[in-house]
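Asker: A single structure is presented below for examination.
The values are calculated or read from the model by the stated rules, or taken from the named source; none is laboratory data. Just so it is clear, the model here is predicted, and its values are computed rather than measured. When we count neighbours, we look across all protein chains shown, and the Cβ atoms used for this are built from the backbone with ideal geometry, even at glycine.
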Amino acid sequence: MSQARHSTARSLAAHAVLILYTVIALFPVFVVVINSFKNRRAIFADPLAVPTAESFDLVGYRTVLAQGDFVLYFQNSLIVTVASLFFVLLFGAMAAFALSEYRFRGNMLMGLYLALGIMIPIRLGTVAILQMMVASGLVNTLTALVLVYTAQGLPLAVFILSEFMRGVSDDLKNAGRIDGLSEYTIFFRLVLPLVRPAMATVAVFTMIPIWNDLWFPLILAPSEATKTITLGSQVFIGQFVTNWNAVLAALSLAILPVLVLYLIFSRQLIRGITAGAVK
Amino acid sequence: MTKTIRLALLTSTLLTGAAWAQDVTLTIESWRNDDLAIWQEKIIPAFEAANPGIKINFAPSAPPEYNAVLNSKLDAGSAGDLITCRPFDASLELFKKGKLADLSDLAAMANFSDVAKSAWQTDDGAQTFCVPMASVIHGFIYNKTAFDELGLTPPRTEAEFFALLDKIKEDGTYIPMAMGTADQWEAATMGYQNIGPNYWHGEEGRKALIEGTSSLTDDGWVAPFRQLAKWKDYLGDGFEAQTYPDSQNLFTLGRAAIYPAGSWEIGVFGPQIGGAFEMGAFPPPVPAEGDTCYISDHTDIALGMNAATKHPEEARKFLEWVGSSEFASLYANALPGFFSLNSAPVEMEDPLAREFVGWRETCEPTIRSTYQILSRGTPNLENETWTASANVITGAETPEAAAERLQQGLAAWHAPQQK
Amino acid sequence: MAQRKAFRWHIAVFLAPAVLVYTAIMIVPLFGTLNLSLFNTGEEGRVFVGLRNFATLFGDPRWSASFWNALGNNAWFFLVHMLVQNPVGVALAALLSSPRLRGAAFYRTAIFIPTILSFVIVGFVWKLILSPIWGIAPGMLDAVGLKGLFAPWLGREGTALTTLALISVWQFVGIPMMLIYAALLSIPDEVIEAAEMDGVTGWSQFWKIKLPLILPSIGIISILTFVGNFNAFDLIYVTQGALAGPNFSTDILGTFLYRTFFGFQLQIGDPHMGATIATAMFGIILLGVSFYLFAIQRRLRRYQF
């Protein structure tokens, strides 16, 4: 009885803390979104006020939609992000499995080699990468971006996934081997489903910097047909004038797709965990 | 659906194919995101109408990234045909590396004075590599309506200037001056480079510094810092965290009376104020009654040609047009506050722009002191000046200490200063 | 481990795609760049100078002062993350993973949202909130009678860096939270039940049972924080500009590197000194990561479930 009351008090406290932090996390986002619906004067007169009949203004959204083909930019961002994610997860998981499962000469070194990439900003390789893309005729294609982001995402994916794969039971894998399953089947059928939560985590971490990246789209694929949404929004940040209405509108719009992607992956995460428990 | 698209594609290919088999598209690299609409709606149509067969694509990137992006693209060979040139060393470096073509023999170069071309020439002035487009002038823009209301008139001398600021402060309705130190360049460009020429006597002082006959610790170079240090009391609350757009907004929303400006603001402020009040402008006040006035009339923007372009003929044709008086008048009127460098006089409609350009008659023009030669080494004098100006205003450094530090930095690498 | 003699092709197959893409697009260009640190531009083009650039970076006060300043700021930036971001992340994950918590999915999503925002938004919105002029923060402090506490934090040398570090914590706290949350959820129920049978519940259960089990994940987030912080660049660049004001008090290695490598305003990019700084940064990070891999990761006890 007293235990129950005790746990109610605890769960109330937990809710209080979580609600408080949720407010801290969401408040600035709320500020961005409400201000994207206001006219310039109202943004700066009272940034906290919700749009009223007087201050409500879709000028930001109108400017965004009028300038350039934002539907196409969305599509480009989505293609690049999803394709890069697919390759990062597939190749990353394969490499992580090799590193965590087998003992072979140079295993440690290979692990370190694959981790080097998280230690140097890839931006530094810009000129060489651009030269490579020019030579292979990939400038202004989405392929160039997918290649770069795949390479950029791999080190972190391998690093995190190999840590999680070390936690997968050896008994299970050995049982598979005794049943005559090939190493490939063991990886795809037994191990991958078990590390789904980690895969979802890696997916989320990988997708965010890709979606928000400005540098490589600017350098590798600045053409109208291959612009990403983040690059497209930059048009409104000028040398002397920044069209905050348009920037806020473009950025508010850009939050939505990542949010959806995130929700998909985080559901995977939970489902993966429950599936893992049932095994 | 698909059929329509295919049909559309087919017709468009046929049309363009039939009309202009060899249409050439020239891409312009630029940092002027702000001008996208003007290029697309006014400048490009004017050129294309007169030059069938050449298409122009204006492709700006965000200003802070421009140099890095451009250099990477030039190194890898994917940059556009025409390159918007920053003044002095940034472009000179590109020319020396063979990235920008020599344009000395362009006929349109005859339309520009040596001073106008100096920002895009080799040190000996023998070769010119960009066609000058515009300069910007520094001064102060003020809220005329507020001035009338408080019964104030624009100041001519430093003493009058501070008396004026005191009056506005006393009245309390307006923040006397809209400026912040968060972005640092605001303090250096709209502060130091704006008021400085009156103290170091424009070109005379600037050249003496390059030749090593004067030093940054001389009175003419420290005096503007002493003035800046006094500005602190007239800026808005929390100016340390006030950014450049904040300053612009403070002024255009009618909360501040005076705005230390660059002429480019003319075109920006007009529409933002939307007729809520009237603007006026005055040149930087002179130290004492009767002194010669100097203004910063800074060569700021030009257009050059990528040496690796596949269409040098067409690119040169476009550059000839950029050097023409037709372009000068088009550009200066589309962007009031960017003043043409063309020798042919340009008729401007904007009264405030005319006010600024009128100072060329009464004052001695000069360019920003740090741009030519003096920012070639490490530490970089321009960057140091940003930090120093901001520090002096916030009080983190005294004017004398800041000047001393700048001089030491300059003397560390600039040979004429090492005697 | 049975077939020791035959070449195990499947290992090569598992590794090949990642290694190929990664080597071609990342390692080759990056090492090409780092290699530049051994050269300089002389009279007749590029000349090999050995370690002289490093001597300049560490020996010439004009360079070394900036470098040490950036490194010191970076260390502080990292410390704030370790002291605030990771404990908060672990605490949130622990709360979220408590059994039968209603609305866990909602909290998890909400708290993660800042992490998916681009730096442009984060920079803009925090500047707006902390602005002394448009004043959301001053207004809110005023409402609770604490207006006196407000200062233009981002504009003062003493507070700017810490403020930015806290903004960054706000943005990225979702990452440790997610990783720890995943680790906590994968602790089997049997373990928890066994603990409860022994009367270990609540906080003592967290400290005695769960924490040791999630230590490897805490190790990962620490090293990721370290690497992330020493490569950080965007937030400072977006809010304070490449000169990392006021008076370089927010200059970290990333901004120092960017300015030097790509140039800024009138400062012309110097790929050689830039590469030298990058190599030094790489060295620092490599040291940290190796320390983790060889000294810590090996000692962590792992539990297989």
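Asker: Hey, does region A:79-95 have a residue that's outside any helix (DSSP H, G or I) and either at pLDDT 90 or above or more than 7 Å from chain C (Cβ to nearest Cβ) (or both)?
Answerer: So far as region A:79-95 goes, no, none of its residues is outside any helix (DSSP H, G or I) and either at pLDDT 90 or above or more than 7 Å from chain C (Cβ to nearest Cβ) (or both).
Asker: If you check A:Thr150, A:Thr185, which single one turns out to be polar (S, T, N, Q) and more than 16 Å from A:Val88 (Cα to Cα)?
Answerer: That would be A:Thr185, the only listed residue that is polar (S, T, N, Q) and more than 16 Å from A:Val88 (Cα to Cα).
Asker: Somewhere in region B:67-81, is a residue at pLDDT 95 or above and closer than 18 Å to B:Phe327 by Cβ?
Answerer: yes
Asker: C:His81 passes all but one of (1) at the interface with another protein chain (Cβ under 9 Å from one of its Cβ atoms); (2) touching a residue at least 12 places away in the same chain (Cβ under 8 Å); (3) closer than 26 Å to A:Leu154 by Cβ; which number fails?
Answerer: Against the list (1) at the interface with another protein chain (Cβ under 9 Å from one of its Cβ atoms); (2) touching a residue at least 12 places away in the same chain (Cβ under 8 Å); (3) closer than 26 Å to A:Leu154 by Cβ, C:His81 comes up short only on (1).
Asker: Which of (1) part of a helix (DSSP H, G or I); (2) at the interface with chain C (Cβ under 10 Å from one of its Cβ atoms); (3) at pLDDT below 85 does A:Leu65 not meet, given it meets every other one?
Answerer: Tallying (1) part of a helix (DSSP H, G or I); (2) at the interface with chain C (Cβ under 10 Å from one of its Cβ atoms); (3) at pLDDT below 85, A:Leu65 fails exactly one: (2).
Asker: Please pick out the residue among B:Glu149, B:Glu186 that is surrounded by fewer than 24 Cβ atoms within 10 Å (Cβ to Cβ) and either out of contact with any helix residue (DSSP H, G or I) (no Cβ under 9 Å at 6 or more places or on another chain) or more than 28 Å from B:Ser343 (Cβ to Cβ) (or both).
Answerer: Result: B:Glu149 is the single residue among B:Glu149, B:Glu186 that is surrounded by fewer than 24 Cβ atoms within 10 Å (Cβ to Cβ) and either out of contact with any helix residue (DSSP H, G or I) (no Cβ under 9 Å at 6 or more places or on another chain) or more than 28 Å from B:Ser343 (Cβ to Cβ) (or both).
Asker: Here's a follow-up. Could you list all residues from region B:175-192 that are away from every other protein chain (no Cβ under 14 Å) and either closer than 21 Å to B:Gly254 by Cβ or among the polar types (S, T, N, Q) (or both)?
Answerer: Passing the criteria: only B:Pro176.
Asker: Just the residues that are more than 13 Å from C:Ala165 (Cβ to Cβ) and either assigned to a loop (DSSP other than H, G, I, E, B) or within 9 Å of chain B (Cβ to nearest Cβ) (or both), please, taken from region C:245-259. Walk me through it before giving the result.
Answerer: Keep residues of region C:245-259 that are more than 13 Å from C:Ala165 (Cβ to Cβ), which gives C:245-248, C:251, C:253-259.
Within region C:245-259, C:Gly245, C:Pro246, C:Asn247, C:Phe248, C:Asp251, C:Tyr258, C:Arg259 qualify.
Asker: Follow-up. Report yes if B:Thr378 is closer than 21 Å to C:Pro246 by Cα and in a loop (DSSP other than H, G, I, E, B), otherwise no.
Answerer: yes
Asker: Here is a further query. Restrict the check to region C:101-116 and report whether at least one residue is more than 9 Å from chain A (Cβ to nearest Cβ), of a type outside the set (Asp, Glu) and out of contact with any helix residue (DSSP H, G or I) (no Cβ under 7 Å at 6 or more places or on another chain).
Answerer: Step one: of region C:101-116, the residues more than 9 Å from chain A (Cβ to nearest Cβ) are none.
No.
Asker: Still on this structure: Filter region A:29-56 down to residues that are within 14 Å of another protein chain (Cβ to nearest Cβ) and under 32 Å from the mean Cα position of the chain (by Cα), then give me how many there are.
Answerer: So the count comes out to 17.
Asker: May I pose another question? For C:Leu287, state whether it is touching a Leu at 6+ places or on another chain (Cβ under 7 Å), free of Cβ contacts under 8 Å to residues at least 24 places away in the same chain, within 29 Å of C:Thr115 (Cα to Cα) and not in a loop (DSSP other than H, G, I, E, B).
Answerer: When the stated conditions are applied, C:Leu287 does not pass them.
Asker: Can you name every one of the helices (runs of 4 or more DSSP H) wholly within region A:160-247 that holds 2 or more residues which are more than 14 Å from chain B (Cβ to nearest Cβ) and out of contact with any Gly (no Cβ under 9 Å at 6 or more places or on another chain)?
Answerer: A:170-178, A:196-212
Asker: Of the numbered conditions (1) crowded, with 19+ Cβ neighbours inside 10 Å; (2) under 25 Å from the mean Cα position of the chain (by Cα), A:Gly60 fails exactly one; give the number of that condition.
Answerer: A:Gly60 satisfies all of (1) crowded, with 19+ Cβ neighbours inside 10 Å; (2) under 25 Å from the mean Cα position of the chain (by Cα) except (2).
Let's see how each residue does on (1) touching a residue at least 12 places away in the same chain (Cβ under 8 Å); (2) surrounded by 21 or more Cβ atoms within 10 Å (Cβ to Cβ); (3) in contact with a helix residue (DSSP H, G or I) (Cβ under 7 Å, 6 or more places away or on another chain):
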site: A:Ser182; (1), (2), (3): no, no, no
site: A:Ile186; (1), (2), (3): yes, yes, yes
site: A:Met199; (1), (2), (3): yes, yes, yes
site: A:Ile210; (1), (2), (3): yes, yes, yes
site: A:Leu220; (1), (2), (3): yes, yes, yes
site: A:Ser223; (1), (2), (3): yes, no, no
site: A:Leu251; (1), (2), (3): yes, yes, yes
site: A:Leu256; (1), (2), (3): no, no, no
site: A:Leu261; (1), (2), (3): yes, no, yes
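Asker: Are any residues in region C:18-32 crowded, with 17+ Cβ neighbours inside 10 Å and under 18 Å from A:Ala144 (Cβ atoms), and if so, which ones?
Answerer: Answer for region C:18-32, where residues must be crowded, with 17+ Cβ neighbours inside 10 Å and under 18 Å from A:Ala144 (Cβ atoms): C:Val21, C:Tyr22, C:Ile25, C:Met26, C:Ile27, C:Pro29, C:Leu30.
Asker: For region C:60-80, does any single residue satisfy the condition of being modelled with pLDDT of 95 or more and β-branched (Val, Ile, Thr)?
Answerer: Yes - at least one qualifying residue is present in region C:60-80.
Asker: Identify the residue in region A:125-159 that is of a type outside the set (Gly, Ala, Ser) and not in a helix (DSSP H, G or I) and, among all such residues, is surrounded by the most Cβ atoms within 10 Å (Cβ to Cβ).
Answerer: Of everything passing the filter in region A:125-159, A:Val139 is surrounded by the most Cβ atoms within 10 Å (Cβ to Cβ).
Asker: Write out, first by first residue and then by second, each pair whose Cβ atoms fall under 9 Å of each other, whose residues are 6+ apart or on separate chains, and whose first residue, in region B:61-85, is without any contact (Cβ under 8 Å) to a residue 40 or more places away in the chain and more than 10 Å from chain C (Cβ to nearest Cβ) while the second is of a type in the set (Asp, Glu) and not in a helix (DSSP H, G or I).
Answerer: B:Ser61/B:Glu29; B:Tyr66/B:Glu29
Asker: Now for a separate question. Look at C:Pro188 and say whether it is more than 21 Å from B:Asn67 (Cα to Cα), within 12 Å of chain B (Cβ to nearest Cβ) and touching a residue at least 12 places away in the same chain (Cβ under 8 Å).
Answerer: no
Asker: Moving on to the next point. So C:Asp234 fits all but one of (1) among the acidic types (Asp, Glu); (2) within 13 Å of chain B (Cβ to nearest Cβ); (3) more than 16 Å from the chain's Cα centre (by Cα); what number is the exception?
Answerer: Just one mismatch for C:Asp234, condition (3).
Asker: While we're looking at this one, here's another question. Which numbered condition in (1) touching a residue at least 40 places away in the same chain (Cβ under 8 Å); (2) on the phi > 0 side of the Ramachandran plot is the only one that B:Arg156 fails?
Answerer: Exception for B:Arg156: condition (2).
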